[in-house]
Amino acid sequence: MFACTATSVFRQAARRQTSAVAVRAMSSSSSSGQSATRLYATRFGTAAAAAAIVTFGYTVYSSQKQSPALYADNTTPIYGVPGTAKERTFIAVKPDGVQRGLVAEIIARFERRGYKLVGLKLLVPSVGLAKEHYADLSSKPFFKSLVEYMTNGKAPVVGMVWEGPSVIKQGRVMLGATDPKAAGPGTIRGDLCLSIGRNICHGSDSAESAMKEISLWFGGRGEIVDWTSNNEEWVVSDN
Ligand SMILES: Nc1ncnc2c1ncn2[C@@H]1O[C@H](COP(=O)(O)OP(=O)(O)OP(=O)(O)O)[C@@H](O)[C@H]1O
């Protein structure tokens, strides 16, 4: 009985809505009607956009509220704590590695080892950023072409921050020797490239370098995500 009444009320409302649309459509044939229709559409569009912004804002706000661990670790500097399980290093896939489709391969090797990805970005670095990153090589004959190659935009760089015990030293071991011709099998460079000028990846070579490079490539706390992996008990525990 209630369902029946509710259905008929709904149908009546739907009929009223249909005729209202028909009236609007008819009035839109006059020029004033057209501008009224445009005004209606603009207002509706503005309202929809405002609603979408409010909804998006609320979603971000509520996800931050519900997942404070992702955003609220104020005790760890973005460059980590060397010598602990929160040691962090900067690893980059250079333009040749991105161009050759090796990003997933390089990420997979760090993930499979048990390291945790806490920062990730894709960018064409500015000349200033590349010069600062390679500042210690500024007197080398290849410096200018190295900076040009890193910044010419033919492919971006993937910048990453990885976290875990001894990740700075082990990251370098996993990358292999700077010159791939000297890199051992099983290393990223030993397995995947041939030339020192196209050695596909970069890794911080010390705690000082990691601190400098993470701070240089990543803007601040908002770009590094502190999170707890469910695997940690099985990967970084000692008996
Ligand atoms: N002789 C060279 N000719 C051309 N490019 C070179 C040469 N030596 C080094 N490079 C480039 O400069 C980069 C930085 O050299 P560096 O000596 O700092 O080695 P690295 O620390 O192992 O490398 P990266 O900093 O890229 O991890 C190298 O990765 C390589 O791309």
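Worth a mention:
- Accessible area (Å², 1.4 Å probe, nearest 10) - residue 134: 20 Å²
- Placing pseudo-labels 7 Å out from each Cα toward the beta carbon at residue 104 and residue 238 gives an inter-label distance of 3.7 nm.
- When the square roots of the Cα gyration tensor eigenvalues are ordered a ≥ b ≥ c, the ratio a/c for segment 130-216 is 1.5 or more and a/b does not exceed b/c, which makes its shape oblate.
- Report note on the peptides 104-113, 198-207: ranked by the mean count of other C-beta atoms within 10 Å, highest first, their order is 198-207, 104-113.
- Label-to-label distance for residue 195 and residue 230 is 4.5 nm, based on points extended 7 Å past Cα in the beta-carbon direction.
- Pairs of Cα atoms nearer than 8 Å and 6+ residues apart set the relative contact order; for segment 83-239 it is 35 percent.
- Given 94/144; 140/212; 86/116, the pairs whose alpha carbons are separated by over 18 Å: 140/212
The values are calculated or read from the model by the stated rules, or taken from the named source; none is laboratory data. The model shown is predicted, which means the values in this text are computed figures rather than measured ones. When we count neighbours, we look across all protein chains shown, and the Cβ atoms used for this are built from the backbone with ideal geometry, even at glycine. The protein model used for the area step is the full one, side chains on, heavy atoms only, and it has no ligands, DNA or RNA in it. Shrake-Rupley method; radii C 1.70, N 1.55, O 1.52, S 1.80 Å.
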